[in-house]
Amino acid sequence: MEHTLYIYNTLSRTKQPFRPLHEGRVGMYVCGPTVYGDAHLGHARPAITFDILFRYLQHLGYKVRYVRNITDVGHLEHDADEGEDKIAKKARLEQLEPMEVVQHYLNRYHRDMEALNVLPPSIEPHASGHIIEQIEYIKRIIDAGYAYISEGSVYFDVEKYNNDHKYGKLSGRNIEDLYNTTRNLDGQSEKRNPLDFALWKKAAPEHIMHWPSPWSEGFPGWHLECSTMGTKYLGDTFDIHGGGMDLMFPHHECEIAQSVAAQGHEAVRYWMHNNMITINGKKMGKSYGNFITLEEFFAGSHPKLEQAYSPMVIRFFILQAQYRSTVDFSNDALRASEKALEKMTDIYRRLGTLTPAKESTVELPDFESQAYAAMDDDLNTPMVIATLFEAGKIINQAADGAVALSEADLQRLQKLFDTFLIDILGIRVEAKGADKGTAAYEGAVDLLMDIRKNAKAAKDWTTSDLIRDRLAQLGFDVKDTKNGVEWKLP
Ligand code: ZN
């Protein structure tokens, strides 16, 4: 089947047929987290959106190199060039090494992503591991005349750049409007112009993360790492750059300016942005008291949550909207997703239990083409889900004995669900009552332990040895301790 995947390119503001630069291969870069706190719902959306793209491109047969960076230096509190480094601040408050903070939250981020069934990217480069490359990149921008040195820091000259190229093309802003909305830094600034952004910042004496450079002992600006690491791993020009809509300005706008300044041309062919998640209609943020971490969702341990929501419910909830539309979280909305997911997984399980009839008594619509058409239309996951529910109606009818399905039709349906629900949407379907099964199994082993204890008390060594030896054969580790018998699962 021939596919033309259309994706919405933020830069051209149109849906464009996706044609990779190199046949059969795709390079994609997605802005990853700044690891100074637990991942929240806002982190789940870009991770899942680009996981779907990663999965679908691979399904279509492309060899995909997916780079998702880890920001571990240079992301300052006020997102611009002011304030303390977010990671350094956390390290200072908790009396940790900055890299301890990074590792701690990165481990937790990976655990959350794994729970959401988000596949790991091909490369996960750290900004702090690419200081030399970033210094070299800055030199290219200085050599091209688009950066200047001031008091040991290096700034990008936005006005000069705007005169030669156009600054603001991605976000659709123009420099005059930006001047009007940017507060003037009362002459205190080292910058020539308030719109200029830091490529390299001289470290203040109390700043704990710094490296030597030709300009000062300091650290790179936040926007620089993505330009540097994107081109290092994907080439001077690469296919896709993604991230949340909140990164479009200034982060991605600055990336474009840096690439054009350093390389003479843009690096990215398709810019993709997922929309934001609001909570009861409000932006998410610490100051709104609605900042809920993924961990809190999974445990139901935030005052705004009326219950716990499993990682798959969160994933399904996000996929029920196309990635460019807004999503509003509420307990009602998540409970509805929980119900819908349950219905979907029931359909999937029932499909596995159907016995084929000689002939089908219904004609199956071409669900497969419908699902592909939905994915090809800018990853329209809600349409894929709707198609699977349509197919589910027939599966439920077959399970209830109202219609019959031939072996070939059952295979088609199985393939449809395995491809779209499991592989592309990445929904994990646990065996029904998996938790109950574990509890029953553990209970049965405990029962054997009790029988062995009684046998020992009655000096029935034959029975007690039989239980111990047979469990050992099965790989169980059984130990007699002061507190009784301990056993471990094989
Ligand atoms: Zn970035």
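The values are calculated or read from the model by the stated rules, or taken from the named source; none is laboratory data. Everything numeric in this text was worked out from a predicted model, so none of it was measured. When we count neighbours, we look across all protein chains shown, and the Cβ atoms used for this are built from the backbone with ideal geometry, even at glycine.
Taking every residue in the range 211-237 that is over 20 Å from Glu151 (Cβ atoms) and without any contact (Cβ under 8 Å) to a residue 60 or more places away in the chain and pairing it with any residue that is away from the ligand (no atom under 13 Å from the Cβ) and assigned to a loop (DSSP other than H, G, I, E, B), at least 6 positions away or on another chain, the pairs with Cβ-Cβ distances below 8 Å are Asp236/His265. The requirement of being farther than 30 Å from Asp400 by Cα and over 17 Å from the mean Cα position of the chain (by Cα) is satisfied by Gln307. Contact map, the range 56-71: first residue assigned to a helix (DSSP H, G or I), second residue of a type in the set (Val, Ile, Thr), Cβ cut-off under 6 Å, separation 6 or more or different chains; pairs are Tyr56/Ile424; Leu57/Val26; Leu57/Val64; Gln58/Val64; His59/Ile424. The set of residues in the range 274-298 that are within 16 Å of Ser171 (Cα to Cα) and either of a type in the set (Lys, Arg) or crowded, with 23+ Cβ neighbours inside 10 Å (or both) contains only Asn274. Working only within the range 239-279, note down all residues that are aliphatic (A, V, I, L, M) and within 10 Å of the ligand (Cβ to nearest atom). Once the filter is applied, which keeps residues that are aliphatic (A, V, I, L, M) and within 10 Å of the ligand (Cβ to nearest atom), the range 239-279 yields only Leu247.
A count restricted to the range 26-55 and to residues that are over 17 Å from Trp271 (Cα atoms) and either within 16 Å of the ligand (Cβ to nearest atom) or not in a helix (DSSP H, G or I) (or both) stands at 10.
Of the residues making up the range 194-238, those that are over 18 Å from Asp85 (Cα atoms), buried (at least 17 other Cβ atoms within 10 Å of the Cβ) and more than 16 Å from the ligand (Cβ to nearest atom) are Leu195, Asp196, Ser213, Trp215. Whether any residue in the range 320-328 is within 25 Å of the chain's Cα centre (by Cα), under 27 Å from Phe50 (Cβ atoms) and without any contact (Cβ under 8 Å) to a residue 40 or more places away in the chain is what I want to check. Among the residues of the range 320-328, not one is within 25 Å of the chain's Cα centre (by Cα), under 27 Å from Phe50 (Cβ atoms) and without any contact (Cβ under 8 Å) to a residue 40 or more places away in the chain, which makes the answer no. Ile277 - would you say it is of a type in the set (Val, Ile, Thr), under 16 Å from the mean Cα position of the chain (by Cα) and under 30 Å from Thr228 (Cβ atoms)? When the stated conditions are applied, Ile277 passes them. Is there a residue in the range 377-390 that is in contact (Cβ under 8 Å) with a residue 12 or more places away in the chain and in contact with a Pro (Cβ under 8 Å, 6 or more places away or on another chain)? For the range 377-390, residues in contact (Cβ under 8 Å) with a residue 12 or more places away in the chain and in contact with a Pro (Cβ under 8 Å, 6 or more places away or on another chain): present. So which residues in the range 30-60 are at pLDDT 95 or above and over 28 Å from Leu421 (Cβ atoms), if there are any at all? Once the filter is applied, which keeps residues that are at pLDDT 95 or above and over 28 Å from Leu421 (Cβ atoms), the range 30-60 yields only Cys31.
Of the helices (runs of 4 or more DSSP H) entirely within the range 139-257, those holding at least 2 residues that are under 27 Å from the mean Cα position of the chain (by Cα) occupy 222-234.
State whether one or more residues within the range 299-315 are surrounded by fewer than 19 Cβ atoms within 10 Å (Cβ to Cβ), within 16 Å of the ligand (Cβ to nearest atom) and part of a helix (DSSP H, G or I). Scanning the range 299-315, I find no residue that is surrounded by fewer than 19 Cβ atoms within 10 Å (Cβ to Cβ), within 16 Å of the ligand (Cβ to nearest atom) and part of a helix (DSSP H, G or I), so the answer is no.
Only one of the numbered conditions (1) modelled with pLDDT of 95 or more; (2) touching a Leu at 6+ places or on another chain (Cβ under 9 Å); (3) farther than 30 Å from Leu57 by Cα is not met by Leu388, and that is (3).
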